[in-house]
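The values are calculated or read from the model by the stated rules, or taken from the named source; none is laboratory data. Note that the structure is a prediction, hence the values are computed from the model and not measured. Note that we place each Cβ from the backbone using ideal geometry, even for glycine, and neighbour counts take in every protein chain shown.
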Amino acid sequence: MHISLGVNGQPVEADVEPRLLLVHYLRDLLRLTGTQIGCDTTTCGACTVLLDGMAVKSCGLFSVQAAGREITTVEGLAPHGHLNPVQEGFKECFALQCGFCTPGMVLASIALLTSNPDPTEDEIRWALSGNICRCTGYANIVRAVQWAADKMRATGPAPTGMGAILAANAAPGPSQGGSHGAQGAHGGRDGA
C-alpha cells in the first residue's frame, strides 16, 4: 500500500505492507533509530512519537494509520543543533542514565507541555505514567519537565503579525527614557 506522510517536517512516501508497524517503518525504512523498541505491547513507551502533536506509542499503530499525518521523532527536535527545552531540561537535571527511555520520555513531555504549559508534579507524573524508566527513579525526569516548563514560559514565543505590532507600540523606545516616557509620571506636570 502506498502512503504519504510528514516525518520531522519532511514529506515522505513509501510502499508498505498494511501490517507494518509505525515503529518498524521509522526504524527500518527511514533509519530513525531514536524511536526504540522495548516491548511491542504499548506498555513501556520507549517507542513514543508525536502524531500530529499527540504522544502515541508507535508499536501500537500501523504505518498506514499515519498516512496523511505528521510524525515527530526525537531526531526532529533539534534540526539546527539547538536542543528543545525539554531536551535541555533532561541534560540540566541529569534526567537520564542509560538513555533507552529518553526519546519517548522527551516526546511525551513535549506533548504534555504543549497542552499544559504549567503542569503540577502530579500532572507530569500522570502524563509520563505510560513511559517506563528502569534507571532514574523518575524524580529527575519530573524536575527536567518542570525546568523545561519554566524555561518555555519565561522565553515564550515572540509575537508575530498584529501581536508584534502591538507589543512594539506598547513598549517605550530607547529615546523615551524610563517607563514613563520623556514627560514623567504625571504627564509633564510638576508636583501633583
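For Thr120, the test of being of a type in the set (S, T, N, Q), over 18 Å from His24 (Cβ atoms) and touching a residue at least 24 places away in the same chain (Cβ under 8 Å) is failed.
In the range 158-168, is there at least one residue being in a helix (DSSP H, G or I), modelled with pLDDT of 95 or more and not assigned by TED's automatic domain parsing to the domain that holds Thr41? Within the range 158-168, none of the residues are in a helix (DSSP H, G or I), modelled with pLDDT of 95 or more and not assigned by TED's automatic domain parsing to the domain that holds Thr41.
Here Leu5 fulfils each of the conditions (1) in contact (Cβ under 8 Å) with a residue 60 or more places away in the chain; (2) touching a helix residue (DSSP H, G or I) at 6+ places or on another chain (Cβ under 7 Å); (3) part of a loop (DSSP other than H, G, I, E, B) apart from (3).
Residues in the range 106-137 that are of a type in the set (Ser, Thr, Tyr) and surrounded by 17 or more Cβ atoms within 10 Å (Cβ to Cβ): Ser109, Thr136. When Glu88, Glu70 are screened for being under 13 Å from the mean Cα position of the chain (by Cα) and among the charged types (D, E, K, R), only Glu88 passes. For the range 8-29, a residue qualifies if it is among the hydrophobic types (A, V, I, L, M, F, W, C) and either under 25 Å from Gly130 (Cα atoms) or part of a strand (DSSP E or B) (or both), and the qualifying residues are Val12, Ala14, Leu20, Leu21, Leu22, Val23, Leu26.
Which members of the range 39-73 meet the condition of being over 17 Å from Trp126 (Cα atoms) and part of a loop (DSSP other than H, G, I, E, B)? Correct list: Cys39, Asp40, Thr41, Cys47, Asp52, Gly53, Leu61, Ala67, Gly68, Arg69, Thr73. Look at the range 16-39: where a residue is in the same structural domain as Cys98 (by TED's automatic domain parsing), no partner that is at pLDDT 95 or above and not polar (S, T, N, Q) sits 6+ places away or on another chain with Cβ atoms under 9 Å.
Evaluated against (1) closer than 28 Å to Ile3 by Cα; (2) at pLDDT below 95; (3) of a type in the set (Gly, Ala, Ser), Ala67 falls short on exactly one condition, (2). When Gly34 is tested against the conditions (1) assigned to a loop (DSSP other than H, G, I, E, B); (2) out of contact with any Pro (no Cβ under 6 Å at 6 or more places or on another chain), the lone failure is (2).
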